[in-house]
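Colleague: Here it is: the structure, laid out below.
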Amino acid sequence: MTVEQPSTAVSTPETADHAFEEELRAEHVLAHAIIVSVLVAVPINGAVWVGMVAFAVSRTGSALGGPIAMAVVVGLLSGLFFGTWAAFVGKTHLFEEMDRTVDQEKASAGADAPEQRTSAD
């Protein structure tokens, strides 16, 4: 007869590095901001491009189908670009603050270490 011993492993993995957890949190916030910004920017850019092209083409008397389809694609691409750009610009402070704290920790750890001489005297 075999008896199973209960597991002593922790159910959720723990990371030992606080800086790593902070980096993951900042990346998740950035990803969320990118998704929201793109969802806002794509319809706005699409409407602007379709409006501009429709106005320009309607005055010439040409068919609207092809130019409007191209305007939708350009609006989609510009919305992806500007939405992603806006999210990066809006969340840059998180990564700058994280870099600042890491640099301060390295500087304080370097100040505590004993000095080493490199001269060949």
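The values are calculated or read from the model by the stated rules, or taken from the named source; none is laboratory data. For clarity, every value in this text was computed on a predicted model and none was experimentally measured. Using ideal geometry, Cβ is built from the backbone for each residue, glycine included, and neighbour counts are taken over all protein chains shown. All accessible areas refer to the heavy atoms of the entire protein, side chains included, with ligands and DNA or RNA removed. Shrake-Rupley method; radii C 1.70, N 1.55, O 1.52, S 1.80 Å.
Colleague: Taking the options PHE82, PHE95, name whichever one is within 20 Å of PHE20 (Cα to Cα), touching a helix residue (DSSP H, G or I) at 6+ places or on another chain (Cβ under 8 Å), part of a helix (DSSP H, G or I) and not basic (Lys, Arg).
Modeller: Of PHE82, PHE95, the one residue that is within 20 Å of PHE20 (Cα to Cα), touching a helix residue (DSSP H, G or I) at 6+ places or on another chain (Cβ under 8 Å), part of a helix (DSSP H, G or I) and not basic (Lys, Arg) is PHE95.
Colleague: Hey, another quick one. Would you check which residues across the stretch 3-41 are of a type in the set (A, V, I, L, M), at pLDDT 85 or above and open to solvent by 100 Å² or more (accessible area, probe 1.4 Å) and list them?
Modeller: Within the stretch 3-41, ILE35, LEU39 qualify.
Colleague: For the stretch 54-109, enumerate the residues that are open to solvent by 50 Å² or more (accessible area, probe 1.4 Å) and over 31 Å from the mean Cα position of the chain (by Cα).
Modeller: Correct list: PHE55, ALA56, SER58, ARG59, THR60, GLY61, SER62, ALA63, LEU64, GLY65.
Colleague: Which residues, taken from the stretch 42-53, are open to solvent by less than 70 Å² (accessible area, probe 1.4 Å) and out of contact with any helix residue (DSSP H, G or I) (no Cβ under 6 Å at 6 or more places or on another chain)?
Modeller: Within the stretch 42-53, ALA47, GLY51 meet the criteria.
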